[in-house]
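The numbers here are math on the coordinates, done by the rules we state, and not lab data. Quantities reported herein were computed from a predicted structural model and do not represent experimental measurements. Here the Cβ positions follow ideal geometry from the backbone for every residue, glycine too, while neighbour counts run over all protein chains shown.
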Amino acid sequence: MPTPNNINKMTMSLINWLLNSGIQNNCKDGGFNSWYEIEKRSYPFIYPEITGYGITSFLYLIKIMKVNRIEIQKRAEIAAKWLLSHAIHKSGGIKVRFGNNNKTNRSKYLSCDLLYSFDSGVVLCGLTNLYKQTKKQIYLDISKKIARFLITLQKNDGSFFPIYDTKKKRIIDTQDKWSTQSGSYHAKLVLGLIELFDITGDAAYRDSAVKICEYAMRLQQKNGRFITSKADKSTHAHPHCYSAEGILYGGLYLNRNDFIESATLATKWLLNNQLKNGGIPSLYNHGKFVTHERSDVLAQTLRLGALLIYFGFLDKSYKSNLSRLFDRLSDFQCRSPDLNQKGGIRYGFETNGKAINDINSWCSMFALQAIMMYQQLQKKRPISMEYFV
């Protein structure tokens, strides 16, 4: 059973890493880097999507910790300034990623001509949350622009086209991988859409959120598994969790029991297939699990489990699963004395079992919120999905 001291130590170390490691370019531009490469001692990319997560993470810290509020809000606004200056296309969509040096600027992984609907939704969530915190009109204006872009990419069946190519002026929707196809993971867009509906009262945002949840649920199997790759009917646990997160958010806000039941079933499927070491397999394919682990999946599952137990939708017997899951997640925290690494969360393992030791930004953000929610559950304190990362 994790002790309060272990939880507090892990939490404070993670907060220190987010604020002081250099993962945010706060001295220059404010955008968040993707990860820290230990061997190269470098940050290869700046991610608008992760910068959106970073804004929400900072606001969550202000809400829960109530410490250094002025400084942390300043860091959130620096991140937003970078997004507004660099990442927003004139259409309202969000660019994918930027290189941090000449070598990565020539990399095949850079694709600023491509606007991903998912990334746009994450930034929308960050900026609507920042508007709630600051009441600065610019954040609301940009949020509306992003939301209008997103709604143009929503199909009649409720799903979203995943990518718009601004250079070729065409939609991309392929089954190459889960992130290049319309899928249940787009339910995560519900967070920003619902927040914008709550702020403006414009029913178009609410209706869009309902439609994507209902579409996502049509991709869910009876055992709770969301199909995340239509080509082989497989399930990657990372977008599976995105699906459950968005549907749960919509269910709680809109009082939709069918949404909540869907998210609960999805979480049970993960916890019922927990590994002996406490982790969660990251892929289900050809009728079996691939047991390599990713720390973002572990954190996402821990968050979902804590929320659902707190709200009474998941049986308390699953607390033992969460205890083992927390212990396993803590194994991914870096304890090096190097301040660029210390406290951050390592990414995970390749299919062949080889460790990926990069200290990952979004995995760390998910883990921080998951640990804090788990601690709130342990202490029988209120938990909410406000400022959900």
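Side notes on the structure shown:
- Which of MET373, MET12, MET385, MET217 has the fewest Cβ neighbours within 10 Å, and the rest in rising order: MET12, MET385, MET217, MET373
- As a rough footprinting exposure proxy, the listed residues HIS186, HIS286, HIS240, HIS86 were ranked by other beta carbons within 10 Å of their own, and the order from fewest upward is HIS286, HIS86, HIS186, HIS240.
- LYS95 sits among other residues whose Cβ lies under 9 Å from its own Cβ, and their net charge, with Lys and Arg +1 and Asp and Glu -1, is -1.
- Proxy reagent accessibility, fewest Cβ within 10 Å first, across GLU261, GLU245, GLU71: GLU71, GLU261, GLU245
- The share of alpha-carbon pairs in the stretch 220-312 lying farther apart than 21 Å comes to 26%.
- About the centre of its Cα atoms, the chain shows a dipole size close to 340 debye [charges on the beta carbon of Lys, Arg (+1) and Asp, Glu (-1) only; nearest 20 debye].
- Remark: relative contact order (the stretch 4-378) = 16 percent; criterion is Cα-Cα distance under 8 angstrom and separation of 6 or more residues.
- Against the empirical curve 2.2 N^0.38 Å, the C-alpha radius of gyration of the stretch 38-103 lands at a ratio of 1.30.
- Debye log10 I(q)/I(0) for the chain, one point scatterer per Cα, at q = 0.10, 0.12, 0.15 Å⁻¹: -0.59, -0.88, -1.53
- Secondary structure note: in the chain, about 100% of the DSSP beta bridges are antiparallel.
- In plain terms, if you count all Cα to Cα distances in the stretch 155-217 and split them into 10 Å steps from zero, the share in each step is 23, 44, 28, 5 percent.
- In percent, rounded to a whole number, the relative contact order of the stretch 138-218 is 29, using alpha-carbon pairs under 8 Å and six or more apart.
- The charge dipole of the stretch 227-297, taken about the Cα centre with unit charges on the Cβ atoms of Lys, Arg (+1) and Asp, Glu (-1), comes to about 200 debye, rounded to the nearest 20.
- Taking every DSSP helix (H) stretch of at least 4 residues in the chain, weighting each as -39,500 (n - 2.57) and dividing the sum by the residue count yields a mean residue ellipticity at 222 nm of -16000 deg cm²/dmol.
- A simple count of charges around PRO2, restricted to other residues whose Cβ falls under 13 Å of its Cβ and scoring Lys, Arg +1 and Asp, Glu -1, yields +3.
- Rg of the Cα atoms in the stretch 45-189, relative to 2.2 N^0.38 Å, amounts to 1.07.
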